[in-house]
């Protein structure tokens, strides 16, 4: 395994920007949650194509999709050609965020996390807003970009371009960007993009010697935030002004020119 810094703390000290996933990072996906989400995905399949699916057939497909692709809905599109945005919209409407355990300490720790950050997730925008609100993290992403499969069109495990797109739009360098994910396949692409990678294991035993594309691992997002808090001093008021000004300046870049450049450089 080759990585630029020996410890996660040292890597964080050399990080300017962090990309985080939502599901599996902001909360652990437990067996109970997987079962509930799988039932919701199966009901979505039946609602969208009752001519193709019974509940049992849809549930079997969803379970295969979970185990092989870490996505409840992937095989609806891959095997049956269903529109991914439509599938996710119906699926996420049927998912109930109330099943996710709340954790007030996580929100408190996130409020002390001062590195610029954005979210990159396969969830649709409505689901992301509901989960963040339920977890009390909505203010932690207030004013930050949330990139979803619906507003940029991607699968993170298929290409490094989604990660490159976020870094490009937010105005940071790849080698100074850290990606925090719970899915190994997604971190392969983040590493392909030249970024530092952190796996959230959620208590699972993962040997990094077998995953050379993963630089560091933590048991939970809380642990990552604790290490960041120990590593980085609280920014001074002038530092916060500088960060705010930098983000404000990016808002006023010529959007047409940026869009044209992205369409040529990063086709998705």
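Quick grid of which residues meet (1) part of a loop (DSSP other than H, G, I, E, B); (2) closer than 24 Å to residue 227 by Cα; (3) at pLDDT 95 or above:
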{"residue": "53", "(1), (2), (3)": "yes, no, yes"}
{"residue": "64", "(1), (2), (3)": "no, no, yes"}
{"residue": "68", "(1), (2), (3)": "no, no, no"}
{"residue": "71", "(1), (2), (3)": "yes, no, no"}
{"residue": "76", "(1), (2), (3)": "no, no, yes"}
{"residue": "85", "(1), (2), (3)": "no, no, no"}
{"residue": "89", "(1), (2), (3)": "no, no, no"}
{"residue": "114", "(1), (2), (3)": "yes, yes, no"}
{"residue": "127", "(1), (2), (3)": "no, no, no"}
Task: Sole exception among (1) closer than 23 Å to residue 217 by Cα; (2) outside any helix (DSSP H, G or I); (3) modelled with pLDDT under 95 for residue 180, by number - done: (3)
Task: Condition broken by residue 157, with the remaining ones in (1) assigned to a loop (DSSP other than H, G, I, E, B); (2) not assigned by TED's automatic domain parsing to the domain that holds residue 193 satisfied - done: (2)
- [ ] Could you pull out the residue among 65, 38 that is without any contact (Cβ under 8 Å) to a residue 60 or more places away in the chain and within 18 Å of residue 186 (Cβ to Cβ)?
- [x] 65
- [ ] Identify all residues within segment 1-32 that are surrounded by fewer than 18 Cβ atoms within 10 Å (Cβ to Cβ), in contact (Cβ under 8 Å) with a residue 24 or more places away in the chain and within 21 Å of residue 62 (Cα to Cα); write none if there are none.
- [x] 29, 32
Open item on the list: Could you go through segment 90-100 and let me know if any residue there is surrounded by fewer than 18 Cβ atoms within 10 Å (Cβ to Cβ), in the same structural domain as residue 61 (by TED's automatic domain parsing) and under 18 Å from residue 158 (Cα atoms).
Closed with: no
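The values are calculated or read from the model by the stated rules, or taken from the named source; none is laboratory data. Here the structure is a predicted model, which is why all the values come from computation and not from measurement. Cβ coordinates were reconstructed from backbone atoms using ideal geometry, including for glycine residues, and neighbour counts include every protein chain displayed.
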